[in-house]
Amino acid sequence: MLCTRCRIRTAVTDDGLCALCSGTRPLLPGRPVVPVIGPGGWGVGTWPRSPVGLSRAVVALLGTVIATDLAALASGLHLRGLWTGYADDGDPAVLGSRGQGAEVLYVVVGGAQLAAFLATAVVFVIWFHRTRRNAEVFDLSAHTMGPGWAVGGWFVPVANFWFPYRVAAGSWRASSPVDPEGVRLPVSRAPLNLWWAAWAVSLILDRVAARMWDRAEEPGEIVDSLALVMAADALDIVAAVLAVLFVRALTRMQVARAGLHAQRPAAAV
């Protein structure tokens, strides 16, 4: 059985504490101070803070991202149909009120997409940083990048395709379950790897599609650019779904490592 306080070492006392937490063995020089449990199980300082509430907010916001992407697909399909009719058959509908209405709707939905993305990004980064800080409590040696990169890594050009993944990989590794002896058990990184791959590809495709859309002038070019934008929206939906799975999986592992599932069952993800 693991120590009920640090959740890292094996319990050796009747009250479920390890030798270090029970005070029967002094701290070694250079070792971090033993975490102290805060009120309600989750505390401050070196004790992990619950990521459950933030994870639920992230999942809900990712749902809005998916909804706006679906709306963009529908409005884009309608607009592309009008432009295809004009490019192939010379149907002037896209030049009239129908076309203007379709373009206005497409722009409005695009604004909703941007708003949903920005709101989700803010809350996601807050959750991401919290899980990174929590992971330090579980296993300080599992990380290759500091917790500040959980925020800053997203804003470094080019490196933002790699730094956040390294942070997430460290959090995933540190939050993995352990056996009664404190040895880390292997856990598949599939949720992390699939989400990151889909996110990176969708980000690249979105930038290419946006540039192609801005440069399109001829009807055929507009039709092709709309198709690429719609493909980017579809891939963004896939990335959002995989992000939900990743957020829930990492949150669930951290709750289990902190012992919250045994103390407060209602907080389980």
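The values are calculated or read from the model by the stated rules, or taken from the named source; none is laboratory data. All values derive from a computational prediction rather than experimental measurement. Note: ideal-geometry Cβ built from the backbone for every residue, glycine included; neighbour counts use all protein chains shown.
The number of residues in the stretch 115-137 being more than 10 Å from VAL167 (Cα to Cα), among the basic types (Lys, Arg) and buried (at least 18 other Cβ atoms within 10 Å of the Cβ) comes to 1. In the stretch 75-90, the residues that are assigned to a helix (DSSP H, G or I) form Cβ pairs under 6 Å with partners that are charged (D, E, K, R), at six or more places apart or across chains, as follows: GLY85/ASP91.
Among the residues of the stretch 179-198, those that are surrounded by 13 or more Cβ atoms within 10 Å (Cβ to Cβ) and either in contact (Cβ under 8 Å) with a residue 12 or more places away in the chain or not in a helix (DSSP H, G or I) (or both) comprise GLY182, ARG184, VAL187, ARG189, PRO191, LEU192, LEU194, TRP195, TRP196, ALA198. Is it the case that the stretch 143-165 has a residue that's part of a helix (DSSP H, G or I) and either among the basic types (Lys, Arg) or in contact (Cβ under 8 Å) with a residue 60 or more places away in the chain (or both)? The answer is no, given that none of the residues of the stretch 143-165 is part of a helix (DSSP H, G or I) and either among the basic types (Lys, Arg) or in contact (Cβ under 8 Å) with a residue 60 or more places away in the chain (or both).
I'd like to know if the stretch 59-68 contains one or more residues that are over 20 Å from ARG248 (Cα atoms) and either touching a helix residue (DSSP H, G or I) at 6+ places or on another chain (Cβ under 6 Å) or in contact (Cβ under 8 Å) with a residue 24 or more places away in the chain (or both). Yes, the stretch 59-68 contains a residue that is over 20 Å from ARG248 (Cα atoms) and either touching a helix residue (DSSP H, G or I) at 6+ places or on another chain (Cβ under 6 Å) or in contact (Cβ under 8 Å) with a residue 24 or more places away in the chain (or both). Looking at (1) closer than 20 Å to SER225 by Cα; (2) outside any helix (DSSP H, G or I), find the lone condition where VAL94 falls short. Looking at each condition in turn, VAL94 falls short on (2).
Being at pLDDT 95 or above, surrounded by fewer than 19 Cβ atoms within 10 Å (Cβ to Cβ) and not small (Gly, Ala, Ser) narrows it down to one of VAL201, VAL156, so name that one. The match here is VAL201.
Taking the stated definitions as given, is GLY63 small (Gly, Ala, Ser), at pLDDT 75 or above, within 30 Å of ARG257 (Cα to Cα) and part of a helix (DSSP H, G or I)? So GLY63 fits the description; yes.
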